[in-house]
Amino acid sequence: MTEQISRARGIRGAIAVPGDKSISHRYAMLASIAKGSSKIYNYSTGADCHSTLGCMRALGIEHEFATENDTPVLKVHGKGMRGLRQASGVLDAGNSGSTIRMLSGILAAQPFSTTLAGDESLSKRPMRRIMKPLAEMGARIEAANEQFPPLTIHGGPLRAIAYQTPVASAQVKSCVLLAGLYAEGETSVTESIQTRDHTEIALRELGADVRVQPRFVRLRGPVTELHARELAVPGDLSSAAFFLIAALLVPHSELIVSGVGLNPTRTGLLDVLRAMGAAIHVLHLEERNGEMIGTLEARTSMLKGGVIEGATTAAVIDELPILSILGAASETGLTVRDAAELRVKETDRIESIAHNLRAMQIEIETAPEGFYIPGRQRFQPAAIESYGDHRIAMAFSIAGLLADGTTYIHGAEAASVSFPEFYNTLRGIIR
Ligand code: S3P
């Protein structure tokens, strides 16, 4: 599918974004192994989170979407820690790295074998990062070329481990913690850079005794029972990022995004934007299910540009495609370092960003672990290729708002991996 985008004269309005993708995956998996029916409000509409639900259904966990008092709700009928059943076929994780990596932790502890596969992009993504700790815990895992999906996980009794993650990855941390729920003794994860802590928070909400210190988390297994809960998923800040940055860059803009997740391990984006001079404010903040949720307001701003490196890179890793657009429009440009992980996302995002920026006549210098984009550049309309990567499709749709003429986004349907309503929402705020 090709979308056509032209210059915007303003971005104005008040919007909400779909439920957070990271939190939705975790709630679906944990509700499946909790005892009883959980109600999940604002579950992500993205295809990735439906892949997780499909996998859980194949493992014997039923769910349904219902409406209660005009509010849509997902009900997941959990069967307890030992309630999963062997699937009759191969589980399909689709495009979702979170599904395959986190679910592997649960499957490693089951008294049966499971094969997990995904689409072409997922089939190229590195899995050794979860295979290694799970093997140390006692699981046997087969993979294509010993590192790629499909994964066949021969589950069984697990040993607790103290694991130090070699790459900053919340998916790896979560995988080990989920396996640790079933292992005898204390499982812990130490990270050199803090990553998103949604698993730790969700486990606590469902009644697990999880102890957290900075960059260190531990739990004692086996956990005999998690409790079914009512859970509300905050809006996805990584989805809101596209519109917030559109409002900062397009003249005469003022945008409100309500009900968005503001967990401090996810708000690195706001710190980066504020340091560049962005007029972006939190209007309201509250806690729900242990997660912070609030309303954001963004207005057209002069943006300085800057350097993103170290822990900040990890904190904004999903926002780097849209930050690259901002970088080209900023005063001094954008340098990104320590971003080797970008090369193993849904696409090699350093390449997919560079290719599409150059198509729009924007200069970029790439490096193995980052890029530099000079500032004060002008976007020209172009034919963009998403390469099937949702965040590339959405980031370059925002770039199209800055160009005179029509920008064509080929493969725009990729947006539905995390944000099926993206183009409708965008049309509603363009002036
Ligand atoms: C995610 C963690 C990050 C992020 C991904 C979602 C999660 O990946 O990029 O979109 O839900 O835990 P890594 O764990 O590979 O850093």
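The values are calculated or read from the model by the stated rules, or taken from the named source; none is laboratory data. Since the model is a prediction, treat every value here as computed from it, not as a measurement. Positions of Cβ are backbone-derived with ideal geometry, glycine not excepted, and every protein chain shown enters the neighbour counts.
For the range 100-120, the tally of residues that are out of contact with any helix residue (DSSP H, G or I) (no Cβ under 8 Å at 6 or more places or on another chain) and buried (at least 19 other Cβ atoms within 10 Å of the Cβ) stands at 2.
All of Glu297, Glu254 fail the test of being over 22 Å from Tyr182 (Cβ atoms), touching a Gly at 6+ places or on another chain (Cβ under 9 Å) and assigned by TED's automatic domain parsing to the domain that holds Ser324, apart from Glu254.
For (1) crowded, with 23+ Cβ neighbours inside 10 Å; (2) of a type in the set (Lys, Arg); (3) within 16 Å of the ligand (Cβ to nearest atom), each residue gets a yes or a no:
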| site | (1), (2), (3) |
| --- | --- |
| Gln4 | no, no, no |
| Arg9 | no, yes, no |
| Arg26 | yes, yes, yes |
| Leu30 | yes, no, yes |
| Lys39 | no, yes, no |
| Gly80 | no, no, no |
| Leu84 | yes, no, no |
| Val90 | no, no, no |
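Which residue pairs have Cβ atoms closer than 6 Å, lie 6 or more positions apart in sequence or on different chains, and pair a first residue in the range 32-46 that is closer than 16 Å to Ala240 by Cα with a second residue that is in a loop (DSSP other than H, G, I, E, B)? Hits for this filter: Asn42/Val233; Tyr43/Val233; Ser44/Pro18; Thr45/Pro18; Thr45/Pro420; Gly46/Ser418. Of the residues contained in the range 403-415, one or more are found to be buried (at least 22 other Cβ atoms within 10 Å of the Cβ), within 16 Å of the ligand (Cβ to nearest atom) and in the same structural domain as Gly13 (by TED's automatic domain parsing). For Ile322, indicate whether it is of a type in the set (Val, Ile, Thr) and in contact with a strand residue (DSSP E or B) (Cβ under 6 Å, 6 or more places away or on another chain). So Ile322 fails the test. Check the range 209-224 and report whether any residue there is at positive phi, outside any helix (DSSP H, G or I) and within 16 Å of the ligand (Cβ to nearest atom). Within the range 209-224, one or more residues are at positive phi, outside any helix (DSSP H, G or I) and within 16 Å of the ligand (Cβ to nearest atom). Residues in the range 225-239 that are in a loop (DSSP other than H, G, I, E, B), touching a Lys or Arg at 6+ places or on another chain (Cβ under 8 Å) and within 16 Å of the ligand (Cβ to nearest atom): 2 in all. Just one of the listed residues (Pro111, Pro157, Pro133, Pro150) is within 16 Å of the ligand (Cβ to nearest atom) and either in contact (Cβ under 8 Å) with a residue 40 or more places away in the chain or in the same structural domain as Cys55 (by TED's automatic domain parsing) (or both), and it is Pro133. Considering the range 270-290, the residues that are of a type outside the set (Gly, Ala, Ser), assigned to a helix (DSSP H, G or I) and touching a strand residue (DSSP E or B) at 6+ places or on another chain (Cβ under 9 Å) include one that is farthest from Thr313 (Cα to Cα), namely Arg274. Being within 12 Å of the ligand (Cβ to nearest atom) and not charged (D, E, K, R) is the filter here; which residues of the range 339-359 pass it? Across the range 339-359, the qualifying residues are Ala339, Ala340, Leu342, Val344.
Does Ile293 satisfy the condition of being outside any helix (DSSP H, G or I) and within 26 Å of Leu30 (Cα to Cα)?
Considered against the rule, which asks whether it is outside any helix (DSSP H, G or I) and within 26 Å of Leu30 (Cα to Cα), Ile293 comes out as yes.
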